[in-house]
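Down below is the structure, laid out as structure tokens.
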Amino acid sequence: MGKPVAMTGNIAVANAMRQINPDVCAAYPITPSTEVMQQFASFVADGKVDTELVTAESEHSAMSACIGAAAAGGRVMTATSANGLALMWEMLYIASGNRLPIVMTVVNRALSAPINIHGDHSDGMGARDSGWIQIYSENAQEAYDNLIQAVVIGQHRDVRLPVMVGMDGFIISHSIENLELLSDQEVKDFIGEYLPLYPLLNIKQPVTYGPLDLQDYYSEHKRQQAEAMKLAKPVILKVAQDFAALSGRKYGFFETYRLDDAEMAILTLGSSAGTARFVIDRAREQGVKVGLIKLRVFRPFPMKELQAALGHLKALAVMDRCDSFGAAGGPVFSEVRSALYDLSPHPAVVNYIYGLGGRDLGIAHIEQVIRDLQEIRQTGCIRELLTYLTVRE
Amino acid sequence: MLSREEYHSGVKEAWCPGCGNFGILNAEKRALVELQLAPEKILIVSGIGQAGKFPHYLRCNFFNGLHGRALPVALAAKLANPELTVIVHNGDGDCYGEGGNHFIHTIRRNPDITCIVHNNKVYGLTKGQASPTSDKGFKTKVQPYGVIHEPLNPLALAISLDCSFVARGYVGDLQFLAELIKAGIQHKGFALIDILQPCPTFNRVNTFRWYEERVYHLEEDREFDPKNQLKAFHKALEWGERIPLGVFYLHPKPTMEEQIPALAAGPLYRQKIQPSKVLDIMEELSALS
């Protein structure tokens, strides 16, 4: 058991980076993730890490520098938010297409316009098809734990994919919470020595990254990326198992709460799970059979596992902290609902889009969701497939 | 007669006490009053940073976009309606860092817009990292041993690109700054006004006192001729003991909008649509196929 410490999510993540001691970090400041790299810069200056810190002139350049350093054979990390991630967009594909296991903290924040600096999942969800593994965190402890696991997942020989670890802007990044840090030695041993595949710096074995790849081989390379995502699934579980042995903290593709005997459930990502748990406890006291599922890994998407976990439900509310304009619903809803389609019978699934731009999700909102679920449970009818929660209209 | 009050937006400024931005806002209002520019004829475009907030505090049209991306928006707006007075407010990180490429290529295009850069030589909005104009050795929390890179010299860069109006102001010299802004707005073509602006919170080096000991007006040098590109470039390199203020370079030349034939008959919104002309072209094309 580690010693409890009080830290913000950003400082916890910066400490994980200190313990990981990456070879290269390249970054550009953007609210609310700035503090991660700022704190890490202090570790660099104080000689606590051996990292080469590159202060770039944009996020596009920051990710480009990360890619160069990773191709050279380094263990590479960075952090960003919102439009920073959006500006990295084309480089995200270069990182994943070249199979470079860069690990990035994404302090999730709403995208402009209009400008908003607060937490939602628009940035991460916008990058969901970029070939990066995506892990979402509920609190500072999870952001810290997930980042350490991300390093081991990404660098695994079967995977070799970049990983982004999300935490909700301000709600997690700037709130002080109690958490436990592993010892520096424990982290060092857990992540192991980084052995790059085909490093550019190995002058005895010259290699080429990203050359022209037309109709002849491009499809095969993309197919390999899809395969790597599939192979990442057992790796994610194995790494979580090893991490549990080390820390006592258990992780999987998702976490369930009072779900086994539930007839209805709420599925959410990130910090809102805490509020949902509280409301579910209160509903349970009144005999309402409702549970929670908190999705941790969104890429690779745990379709089969979700089928097994949710198949017994009568009604499910999927909470999206992001809209997918003009789509069937939010991005999480669309995929969860699709995962349940093959089950017969399958639960009625409804979608709630909430908390955009940091709008608070309160107890009353989740109570409303539970009331809606009860109605669906009783009547068997869905009145509204998609509801915008926490919005004036 | 437009008074200063006509330009008050009523939005409370979210800048630190003592921020140089207050001086820029003040000088710009003075310039606008003197020019008697109606608020509805003005468009302010900004990016992200402390300068990005600027248009919120001024009553006129405004577009607050993304970090580094004010210039392309401003250029497009100017082309869409050349009758607008387009003023860009961005910062040193905004314009010279993330927006560096836009800066170079907007100068090449020479649209009639005024590009005002709030140069405090530090990232203010993200709380004190080195910017592209931070001097070598400048210490921050991210660069605790000092910046190791050469600072970007915006004036020398703009002069080398034959930018049609290149000036430097200083917020401690308010009337002079107002005159520069006025001249920049009146100038036909791309006008760069780099404004030296202390950041009392995150830049403890380039303070009001630091600038007061160094700045002087270019006019003090009787020999100086802003029409001479090489002399202007030479002056632009002067930094340290003495820092010149004023118009460094002036090269009137055709603007981008003047060179676009479609705009010769005025802004597009005032031009009549003539379907007969389009029909002629369509017939010609269909005859080809």
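Below, the figures for the structure above:
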item	result
Looking only at region B:31-59, and only at residues there that are part of a loop (DSSP other than H, G, I, E, B) and farther than 20 Å from B:Pro267 by Cα, the one that is farthest from the other protein chains (Cβ to nearest Cβ)	B:Gln36
A:Ala6 vs. criteria over 19 Å from A:Gly192 (Cα atoms), part of a strand (DSSP E or B) and of a type in the set (Gly, Ala, Ser)	yes
Odd one out for B:Asp135, checked against (1) part of a helix (DSSP H, G or I); (2) charged (D, E, K, R); (3) in contact with a Lys or Arg (Cβ under 8 Å, 6 or more places away or on another chain)	(1)
Inter-residue pairs, beta-carbon under 7 Å, first on the phi > 0 side of the Ramachandran plot and surrounded by 11 or more Cβ atoms within 10 Å (Cβ to Cβ) and in region A:376-393, second outside any loop (DSSP other than H, G, I, E, B) and modelled with pLDDT of 95 or more, 6+ apart	A:Thr390/A:His365
Options B:Ala183, B:Ala158; residue that is under 14 Å from B:Phe103 (Cβ atoms) and touching a strand residue (DSSP E or B) at 6+ places or on another chain (Cβ under 8 Å)	B:Ala158
Subset of region A:97-112 (residues that are among the hydrophobic types (A, V, I, L, M, F, W, C) and in contact with a strand residue (DSSP E or B) (Cβ under 8 Å, 6 or more places away or on another chain))	A:Leu100, A:Ile102, A:Val103, A:Met104, A:Val106, A:Val107
Filter result (crowded, with 24+ Cβ neighbours inside 10 Å and more than 13 Å from chain A (Cβ to nearest Cβ)) within region B:79-109	B:Val86, B:Ile87, B:Val88, B:His89, B:Asn90, B:Thr106
Single residue of region B:133-142 satisfying the filter (crowded, with 24+ Cβ neighbours inside 10 Å and within 11 Å of chain A (Cβ to nearest Cβ)) that is nearest to B:Gly100 (Cα to Cα)	B:Ser134
Condition check for A:Asp46: more than 11 Å from every other protein chain (Cβ to nearest Cβ), surrounded by fewer than 24 Cβ atoms within 10 Å (Cβ to Cβ), of a type in the set (Asp, Glu) and out of contact with any His (no Cβ under 7 Å at 6 or more places or on another chain)	no
Only one of A:Pro29, A:Pro114 that is under 20 Å from B:Lys127 (Cβ atoms), assigned to a loop (DSSP other than H, G, I, E, B) and free of Cβ contacts under 8 Å to residues at least 24 places away in the same chain	A:Pro29
Region B:244-269, residues that are of a type in the set (A, V, I, L, M, F, W, C) and out of contact with any Leu (no Cβ under 6 Å at 6 or more places or on another chain)	B:Leu245, B:Val247, B:Leu250, B:Met256, B:Ile260, B:Ala262, B:Leu263, B:Ala264, B:Ala265, B:Leu268
Number of positions in region A:266-302 that are under 11 Å from A:Phe254 (Cα atoms) and hydrophobic (A, V, I, L, M, F, W, C)	8
Among (1) closer than 29 Å to B:Ala74 by Cα; (2) part of a helix (DSSP H, G or I) - the single one B:Ser276 does not satisfy	(1)
Enumeration of residues in region A:21-39 that are out of contact with any Gly (no Cβ under 6 Å at 6 or more places or on another chain), surrounded by fewer than 24 Cβ atoms within 10 Å (Cβ to Cβ) and away from chain B (no Cβ under 12 Å)	A:Asn21
Selection status of A:Asp372, on the phi < 0 side of the Ramachandran plot and surrounded by fewer than 18 Cβ atoms within 10 Å (Cβ to Cβ)	no
Pairs, first assigned to a strand (DSSP E or B) in region A:241-268, second crowded, with 21+ Cβ neighbours inside 10 Å and of a type in the set (Ser, Thr, Tyr), C-beta under 6 Å, six or more apart	none
Whichever residue in region A:270-301 is surrounded by 22 or more Cβ atoms within 10 Å (Cβ to Cβ) and assigned to a loop (DSSP other than H, G, I, E, B) and, among such residues, is farthest from the chain's Cα centre (by Cα)	A:Ser271
Residue tally, condition closer than 20 Å to A:Arg75 by Cβ and either in contact (Cβ under 8 Å) with a residue 40 or more places away in the chain or not assigned by TED's automatic domain parsing to the domain that holds A:Leu182 (or both), over region A:32-41	3
Boolean, B:Tyr145 is within 13 Å of another protein chain (Cβ to nearest Cβ) and touching a Gly at 6+ places or on another chain (Cβ under 8 Å)	no
Test: residue in region A:91-103 that is surrounded by fewer than 19 Cβ atoms within 10 Å (Cβ to Cβ) and of a type in the set (S, T, N, Q)	yes
Flag if A:Thr8 is surrounded by fewer than 24 Cβ atoms within 10 Å (Cβ to Cβ), away from chain B (no Cβ under 12 Å), within 19 Å of the chain's Cα centre (by Cα) and of a type in the set (Ser, Thr, Tyr)	yes
Subset tally (residues that are without any contact (Cβ under 8 Å) to a residue 12 or more places away in the chain and of a type in the set (A, V, I, L, M, F, W, C)) for region B:230-266	4
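Every residue, every condition in (1) at the interface with chain B (Cβ under 10 Å from one of its Cβ atoms); (2) of a type in the set (Asp, Glu), yes or no:
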{"residue": "A:Ala41", "(1), (2)": "yes, no"}
{"residue": "A:Glu52", "(1), (2)": "no, yes"}
{"residue": "A:His60", "(1), (2)": "yes, no"}
{"residue": "A:Ala69", "(1), (2)": "no, no"}
{"residue": "A:Leu92", "(1), (2)": "no, no"}
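The values are calculated or read from the model by the stated rules, or taken from the named source; none is laboratory data. Remember, it's a predicted structure, so these values are computed and weren't measured experimentally. Virtual Cβ from ideal backbone geometry, glycine too; neighbours counted across all protein chains shown.
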